[in-house]
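Chemist: Got a structure for you, written out below as structure tokens; questions coming shortly.
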Amino acid sequence: MNYSSKLSSMAKRRYLRPSLFFLLLIVLTVLGVIVPVFALLPSLHSHSPGLFRHHHDHSNLKKVHTRKFEIDDDMFWKDGKPFQIIGGDLHYFRTLPAYWEDRLLRAKALGLNTIQTYIPWNLHEPKPGNFTFSGIADIVAFIQLCQKLDFLVLLRAGPYICAEWDLGGFPAWLLTKMSASRLRSSDPGYLQWVERWWGVILPKVAPLLYNNGGPIIMVQIENEFGSYGDDKAYLHHLVTLARGYLGDEIVLYTTDGGTRETLEKGTIRGDAVFSAVDFSTGEKPWPIFNLQKEFNAPGKSPPLTAEFYTGWLTHWGENIATTDANSTAAALSEILAGKGSAVLYMAHGGTNFGFYNGANTGDDVLDYKPDLTSYDYDAPIKESGDIDNAKYEAIRRVIQHYSGALLPSVPSNNEKIGYGPIHLQKSAFLFDLIGMMDPVAVAVSEEPLSMESMDQSFGFLLYTTEYVANDNEDGHVLFIPQVCDRAQVFLSCSSKNKSVRPTSVGIIERWSNRRLNLPNTRCDSNTLYILVENMGRINYGRYLFDRKGILSSVYLDNSVLHGWKMIPIPFNNLNEIPRVGSFYHIAHSGLHKIVAKRGLEVKSVNISSEPTLYTGYFYVDKVNLRKDTFLSFDGWTKGIAFVNEFNLGRFWPAVGPQCNLYVPAPILRLGKNVLVILELESPNRDAVVYSIDRPDFTCGSSKSNLSQLLSHQRSLGL
């Protein structure tokens, strides 16, 4: 049957039944029996009410009976007409809400008709039972905005999402509830938390399903599960949960790599769930789409790559990842020419604001590779929204050719501005602020506790202990078998009622795990400080269960050190309200005057590797001068930065390749703006940060991974 006759046949089948239905409806109305007839109709859902305590009542939703999205004859059908998905990933949690519409309009001008986004569980439930759906976490507002701009939506509900996002979207507190083997499995202990989470999030999005009048046409179950496990009971349980909250009309789908092995493990046979694929850009797509058919019911396998890679991710210590514009466009053309569907991953990458960046590993858990703060991804719509680039233009030409639609005009780039030098002053040494911590937050234990055991998800954890060491001319050896991820070690000693400031003695990193030589201090008592930074949890692969902090005993000259204090230094993360008394507030609240009385010179910058807070100010004089900018950390080493209490993320120009941090204009205020940074090692000699008008990814080493960056440490004498 040719395409025209098939289309005619499909149309006849679709409209015959509605005609008979309305004829019957008229007859029943005339006879006055419509109420008793509909009263006798059984429920459309046969799920056990005991399983879904938060089961959504679909009867109260406004049904738009002409709206239907379905799969038939190996095609997507929207309201009875064939539909080709030309979509793109654009994550609401990587772009400020004030810029959602701006980025979506740029995606519209690119030619996209569908937006795909994940739902990160950890953003919405940072503490057990503490749910947030406001600000950058307002997923309902984002989906409604997609509909306003005439986009359809593919919703990737998890509970695991990968996404180069901390712990693949799982909340860190989940690691305290179970063992490593129970994540992403049919284990009842894990599933009870999933059921509770989905019992909150799925009823929120149910009114936004396409058949309920919203834009959501498909909902994804899990994510690339075939690359992780082979637990069909787990996948089936997720499907049952989703159907219970979302109903039977919504198309559920899985996404897996385009190999037989991953599809065998990650898909659900039959027509209950549609199996989509992803594969490397440049691979021949149609053999993979033919393989995809084997894992869908007959007639239920429209070719769809749910992740068509427009670029790639970058880890610290690597060259920035880029891909060729013309080859990317040619690969997309090959898919669309055969009436296949594709979702660009990413259409717009955005930013891993705060501490939410993820990490990967190689074959060994020690081969740890944290992701950059920037999630530019070399996508056609850049981190700051720029679209004046070859990749955007090439992809747009391909989409316009195959869609046949008149695309909106291309908007101009948003204006950027450089506000010039921002001179900073020392606010405080980090260790001087420890005494101002709430004693309730400090834990005491014979052995070190993990960050998660301290009910802390992100930031830093300071470990302190005291010891008396035997006099040894050769010094002493400190060994921590398991530390995640980066430990700065400091030593101070007290002798005859005289104390000495903590002195840096070196760094122990997860990827090097070296022994550290400590000097022979000849002190009455030594205080050991170990400041551990959580640099982002692993989001993909078999080492997903990624706890942070010191995860083993600590040895000094082969003897175990006991008697530890754990002091959490979380700072505020993305979408969190800064707490009164937080380190951020202390840093620019005038405390430097108090600290100065203790002997800290706040107006001078002494080169020091002790973690230090710096504060500076810059001004926006006119509303029309409130523009996007970038903060250049040239000459600084490593740390985190806040503008007006907003956590921009990490900087690490000594390693690179990211040299600066993106500052979206909505963060800025008219008048005085406050910059606070925590420099973990050595500051810029002039204590200056420059506000410039462009990104820069040319910093640091060009080595392929962090394990090859020890030369940087040796150059610092560490």
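Results for (1) open to solvent by 20 Å² or more (accessible area, probe 1.4 Å); (2) part of a loop (DSSP other than H, G, I, E, B), shown as yes or no for each residue.
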position: A276; (1), (2): no, no
position: T281; (1), (2): yes, yes
position: I288; (1), (2): no, no
position: P298; (1), (2): yes, yes
position: A306; (1), (2): no, no
position: A321; (1), (2): yes, yes
position: S327; (1), (2): yes, no
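Chemist: Failed condition for T615, given (1) out of contact with any His (no Cβ under 8 Å at 6 or more places or on another chain); (2) at pLDDT 95 or above, with all others met?
Modeler: (1)
Chemist: A follow-up question, please. R184: closer than 30 Å to L332 by Cα, in contact (Cβ under 8 Å) with a residue 12 or more places away in the chain and basic (K, R), yes or no? Talk me through it step by step, then tell me what you get.
Modeler: Values: closer than 30 Å to L332 by Cα: no; in contact (Cβ under 8 Å) with a residue 12 or more places away in the chain: yes; basic (K, R): yes.
Criteria not met by R184.
Chemist: Any chance region 489-496 includes a residue that's at negative phi, modelled with pLDDT of 95 or more and surrounded by fewer than 19 Cβ atoms within 10 Å (Cβ to Cβ)?
Modeler: no
Chemist: So which residues in region 227-256 are in a loop (DSSP other than H, G, I, E, B) and either of a type in the set (A, V, I, L, M, F, W, C) or open to solvent by less than 10 Å² (accessible area, probe 1.4 Å) (or both), if there are any at all?
Modeler: G247, I250 - these are the residues of region 227-256 that are in a loop (DSSP other than H, G, I, E, B) and either of a type in the set (A, V, I, L, M, F, W, C) or open to solvent by less than 10 Å² (accessible area, probe 1.4 Å) (or both).
Chemist: Mind listing whichever residues of region 381-426 are out of contact with any Lys or Arg (no Cβ under 7 Å at 6 or more places or on another chain), of a type outside the set (K, R), in a strand (DSSP E or B) and open to solvent by less than 40 Å² (accessible area, probe 1.4 Å)?
Modeler: G420, I422, L424
Chemist: Pairs please, first residue from region 213-226 and touching a residue at least 60 places away in the same chain (Cβ under 8 Å) and open to solvent by 10 Å² or more (accessible area, probe 1.4 Å), second anywhere and assigned to a loop (DSSP other than H, G, I, E, B) and of a type outside the set (D, E), Cβ atoms under 7 Å, 6+ apart in sequence or on different chains.
Modeler: G213/K62; G213/V64; G213/R67; E224/C162
Chemist: Before we move on, is N539 in contact with a helix residue (DSSP H, G or I) (Cβ under 7 Å, 6 or more places away or on another chain) and open to solvent by less than 10 Å² (accessible area, probe 1.4 Å)?
Modeler: yes
Chemist: How many residues, within region 427-436, are open to solvent by 40 Å² or more (accessible area, probe 1.4 Å) and touching a residue at least 24 places away in the same chain (Cβ under 8 Å)?
Modeler: 1
Chemist: Residues in region 81-92 that are farther than 19 Å from F133 by Cβ and either in contact (Cβ under 8 Å) with a residue 12 or more places away in the chain or assigned to a loop (DSSP other than H, G, I, E, B) (or both): how many?
Modeler: Counting residues in region 81-92 that are farther than 19 Å from F133 by Cβ and either in contact (Cβ under 8 Å) with a residue 12 or more places away in the chain or assigned to a loop (DSSP other than H, G, I, E, B) (or both) gives 8.
Chemist: I need the full set of residues from region 361-377 which are open to solvent by 20 Å² or more (accessible area, probe 1.4 Å) and over 22 Å from A641 (Cα atoms), in order please.
Modeler: Passing the criteria: T361, G362, D363, D364, V365, L366, D367.
The values are calculated or read from the model by the stated rules, or taken from the named source; none is laboratory data. Note that the coordinates shown come from a computational prediction; the quantities given were computed from them, not determined experimentally. Backbone-built Cβ (ideal geometry, glycine too); neighbour counts: all protein chains shown. Heads up: the accessible areas ignore ligands, DNA and RNA and are worked out on the full protein's heavy atoms, side chains in. Shrake-Rupley method; radii C 1.70, N 1.55, O 1.52, S 1.80 Å.
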